[in-house]
Each structure stands twice: as C-alpha cells, then as structure tokens.
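The values are calculated or read from the model by the stated rules, or taken from the named source; none is laboratory data. On a predicted model such as this, the values are computed, not experimentally measured, just so you know. Note: ideal-geometry Cβ built from the backbone for every residue, glycine included; neighbour counts use all protein chains shown. Please note that ligands, DNA and RNA were not included when accessible areas were found on the heavy atoms of the full protein model with its side chains. Shrake-Rupley method; radii C 1.70, N 1.55, O 1.52, S 1.80 Å.
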Amino acid sequence: MNTHVDIEIVSAASGPLLVPELAALLIDVVEHDASIGFLAPLGMDAARRYWQGVVEELTHGNLRMWVARVNGLVVGTVQLDPCPRANGRNRAEVCKLMVHSGSRGQGIASLLMAALEGCARKLDRGLLYLDTEAGSPAEKLYQSLGYTRVGTVPDYAAKPDGTLIATAYYYKQLIDRSLSPMPGGTV
C-alpha cells in the first residue's frame, strides 16, 4: 500500500458531519455492484437517511463505526454491532464493510477490520460473525483475515440489479473461551 490511510472511530458527535461523504461512498459501492442491502439506483436522499439512522444508533452507545480516510476523504467504513442480550455478550456482528471502488486493492479493508477486531477484543467480544455475497472478492478478504466459512443460504439477498444471490456466513474467534466463562459469567 503506497497511500497513507487514517482509520478513525466515528462518534455520535462526529457522525453527522460524515453523512454526506458516507452517502457518496454508499452510492459508489452500490453502483459498483456491492450486495450491501440496497438496490440500484440508490439516490442521495435514501443514502443519507440510511447513514442518519446509523448515526442515531451511535448515540445509544452500542454500535461502533470506523472510517478510513485518504488525503482527508472518506474512502471506507465498517461497523461493529455487539449483541446486547445477556446470553450473547461474547459476540458481535461485523456490518457494512465497504471501500470506495477507486480505493480498493490498497489494504484499506484490512486496516478497517484490524481496528474493528482490536475494539472487539477490548469489549471482550471473542466471537465475530458476518455475512457476505457468496463468491465475491470479500470472501477472499475474510478468509485471509482468518474467518471461517460456515455455509451459504441460496437466494438470500439481491444484488443492486435485483438478482437474487447466495449469502455466505463467516465467524472468527478472537478469544478462546474453552477454559474461561462468557463475560459476566462464572466457570
């Protein structure tokens, strides 16, 4: 990677300022065929509403989010959603990893995931899980980062053009709990 990348945690205070850049990022990844929960064409208003909802979740203190910046511009993002239930305090979901089409292949996704995993460890979330488009380049990324593929569900989600595709599920154990209790539990 030849470009300097800054990874920043997004706070409830800084989030609203990022909505326009995040909306543009979301539109770019949808336009470049990312199966990330949206259909094309994705308008700026819909993209902004999505990010405003995410920023609202940041104010409740559970959701965590990072952005990657190159030359001051947001080129990537990822979210960590810790399970709030008492029996799930050992896990968290990796959500909405995206990198701008013009910034892919530079290690930005790996840097975002490293920040996310470091936070998950600090939060004592030893199990991360995620879903992604089966057969997509994202699968190779997650495998290279040590995630284990559990399986696929056919016709689970739609690509931006509406075509149904299979979704692959992955997990990664950050903390071996075979000899230790779940957070808040006893042995």
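For region 116-132, check the following and say yes or no: at least one residue is touching a Ser or Thr at 6+ places or on another chain (Cβ under 6 Å) and buried (at least 18 other Cβ atoms within 10 Å of the Cβ). Break it down into steps so the answer makes sense when it comes.
In the first step, residues of region 116-132 are kept if they are touching a Ser or Thr at 6+ places or on another chain (Cβ under 6 Å); the result is 131.
From what's left, buried (at least 18 other Cβ atoms within 10 Å of the Cβ): 131.
Looking for residues that are touching a Ser or Thr at 6+ places or on another chain (Cβ under 6 Å) and buried (at least 18 other Cβ atoms within 10 Å of the Cβ), one finds at least one in region 116-132, hence yes.
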Note to self: Being small (G, A, S) and either buried (at least 19 other Cβ atoms within 10 Å of the Cβ) or under 27 Å from G105 (Cα atoms) (or both) is the filter here; which residues of region 15-50 pass it?
What the structure shows: G15, A23, A24, A34, S35, G37, A40, G43, A47
Next item on the list: Identify, by number, the condition in (1) part of a loop (DSSP other than H, G, I, E, B); (2) modelled with pLDDT of 95 or more; (3) over 22 Å from L42 (Cα atoms) that D176 doesn't meet.
Entry: (2)
Check: Within region 116-131, how many residues are touching a strand residue (DSSP E or B) at 6+ places or on another chain (Cβ under 8 Å) and assigned to a loop (DSSP other than H, G, I, E, B)?
Finding: 3
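Any chance region 74-94 includes a residue that's β-branched (V, I, T) and either part of a helix (DSSP H, G or I) or modelled with pLDDT under 95 (or both)? Write out each step before concluding.
So the first thing to find is which residues in region 74-94 are β-branched (V, I, T), and the list is 74-75, 77-78, 94.
Okay, now just the ones that are also either part of a helix (DSSP H, G or I) or modelled with pLDDT under 95 (or both), so none.
No, every residue in region 74-94 fails to be β-branched (V, I, T) and either part of a helix (DSSP H, G or I) or modelled with pLDDT under 95 (or both).
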Notebook entry, point to check: Can you tell me which residues in region 95-115 are in contact with a strand residue (DSSP E or B) (Cβ under 6 Å, 6 or more places away or on another chain), open to solvent by 40 Å² or more (accessible area, probe 1.4 Å) and not in a helix (DSSP H, G or I)?
Noted result: K96, H100
Next item on the list: Just need a number here: residues in region 51-69 that are in contact with a strand residue (DSSP E or B) (Cβ under 9 Å, 6 or more places away or on another chain), open to solvent by 20 Å² or more (accessible area, probe 1.4 Å) and in contact (Cβ under 8 Å) with a residue 24 or more places away in the chain.
Entry: 2
Notebook entry, point to check: Going through region 9-21 one residue at a time, which ones are in contact (Cβ under 8 Å) with a residue 12 or more places away in the chain and either assigned to a loop (DSSP other than H, G, I, E, B) or under 19 Å from N62 (Cβ atoms) (or both)?
Noted result: I9, V10, S11, A12, G15, P16, L18
